[in-house]
Amino acid sequence: MNFLTNGQNSIYTEGGLLYDKLTEFSQKGKLVLVAAQPKIYSWGNEEIPMEAISESSRKQQIVDMIYTAGRCPNTPNHIGVMKIAKNRRGEVGDKSHYIRLSNGRFRLISSLLYSEIKNLPMKRNYLDGDIDAMERQVQVSSMKQ
């Protein structure tokens, strides 16, 4: 599919034509994923609501599911909250805490570990083994309390 515009239509018309084509793919049983940057006001949000999806309200109306990923603004470590902001065929509002590891991969973590890392003052490049050990440690600590 050609994403270049012919310059004769407005950006909203061109975007609408693109979404119409993506809908055709979806109706043929193809999984269609569209990534979008959230609106500027939400860039520093730990949790991004559906209303922060940029570009058009048409996107919010047409898609079956919106999954957002915010970032905790007050920590040097890359952690945040992923949220199901819209789900036409299921529950809405489910949240998962995540951390981006040193290899660039995102990993879900418990809310207990999220709270611990959120308060750490120094940046650290975490690996899977580090997260596994930290998860065990916060679980043991929470059982002692």
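Residues in region 10-17: is at least one open to solvent by 50 Å² or more (accessible area, probe 1.4 Å), at pLDDT below 70, touching a Lys or Arg at 6+ places or on another chain (Cβ under 9 Å) and assigned to a helix (DSSP H, G or I)?
Yes, some residue in region 10-17 is open to solvent by 50 Å² or more (accessible area, probe 1.4 Å), at pLDDT below 70, touching a Lys or Arg at 6+ places or on another chain (Cβ under 9 Å) and assigned to a helix (DSSP H, G or I).
Give region 57-109 a look and list any residue that's open to solvent by less than 60 Å² (accessible area, probe 1.4 Å) and charged (D, E, K, R), or say none.
LYS59, ASP64, LYS83, LYS86, ARG107
Could you say which residue among MET122, MET134 is in a helix (DSSP H, G or I) and either of a type in the set (A, V, I, L, M, F, W, C) or within 17 Å of ILE48 (Cα to Cα) (or both)?
Testing whether each residue is in a helix (DSSP H, G or I) and either of a type in the set (A, V, I, L, M, F, W, C) or within 17 Å of ILE48 (Cα to Cα) (or both) leaves just MET134.
The values are calculated or read from the model by the stated rules, or taken from the named source; none is laboratory data. In this text the structure is predicted, and so the values were computed from the model without any measurement. No Cβ is skipped: glycine too gets one built from the backbone with ideal geometry, and neighbour counts run over all protein chains shown. Heads up: the accessible areas ignore ligands, DNA and RNA and are worked out on the full protein's heavy atoms, side chains in. Shrake-Rupley method; radii C 1.70, N 1.55, O 1.52, S 1.80 Å.
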